[in-house]
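The values are calculated or read from the model by the stated rules, or taken from the named source; none is laboratory data. Computed from a predicted model, the values in this text were never measured in an experiment. All Cβ positions, even for glycine, are placed from backbone atoms using ideal geometry, and neighbour counts span all protein chains on display.
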Amino acid sequence: MRYLRVSPQKARLVLDLIKGRRVEEARNTLLFTKKRVAAHVGKLLQSALDNANFLSAEKNLDVELDNLYVKSAIANDGPRMKRIRPAPQGRAFRYVRRISHIELVLAERGNGAAHASEHAASAGAAAKRRAPVAKKAAGKTGKKKAVAK
């Protein structure tokens, strides 16, 4: 979502609530959050879910919609709108209206315990395969060569 008229700091407050959660849990959290930006983030989450559904249905990619979770949620700065407010004695105060770009990434989480055990087993096998590396000797006498300047 680009050019959303809310400050990135306020958007990050809502995005931090849904990071790492399953999609259904994130949707329920956004539904009951009392921030204005929560409705926009909810639409973005629904769009990402629809994109994943499209990939699984039309593009024949194996995406299990029940295993999706919010992998990352980022709110970056957009262009700032500089405005002027009248001040006393003919002066003017400048202020900035902030705009944010929101990025939401969904990923598929595999079976928790089975996936963790596979990772541990592969790490142990990789450690056994590695052989210790011998250090190179610094020459016959062990002295370093002199470098001409």
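From the list LYS59, LYS144, LYS140, which one is at pLDDT 60 or above, charged (D, E, K, R), out of contact with any helix residue (DSSP H, G or I) (no Cβ under 9 Å at 6 or more places or on another chain) and part of a loop (DSSP other than H, G, I, E, B)? Talk me through it step by step, then tell me what you get.
Working: LYS144 fails: at pLDDT 60 or above; LYS140 fails: at pLDDT 60 or above.
After ruling out the rest, the residue left standing is LYS59.
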**Fill in**
The condition from (1) surrounded by 12 or more Cβ atoms within 10 Å (Cβ to Cβ); (2) in contact with a strand residue (DSSP E or B) (Cβ under 7 Å, 6 or more places away or on another chain); (3) among the aromatic types (Phe, Trp, Tyr); (4) free of Cβ contacts under 8 Å to residues at least 40 places away in the same chain that PHE93 misses is numbered (1)
**Item:** Residues that are surrounded by fewer than 10 Cβ atoms within 10 Å (Cβ to Cβ) and under 23 Å from ALA11 (Cα atoms), drawn from the range 80-90
**Value:** LYS82
**Asked** Can you name every residue in the range 68-87 that is in a strand (DSSP E or B) and either touching a helix residue (DSSP H, G or I) at 6+ places or on another chain (Cβ under 7 Å) or in contact (Cβ under 8 Å) with a residue 24 or more places away in the chain (or both)?
**Response** LEU68, TYR69, VAL70, LYS71, SER72, ALA73, ILE74, ALA75, ASN76, ASP77
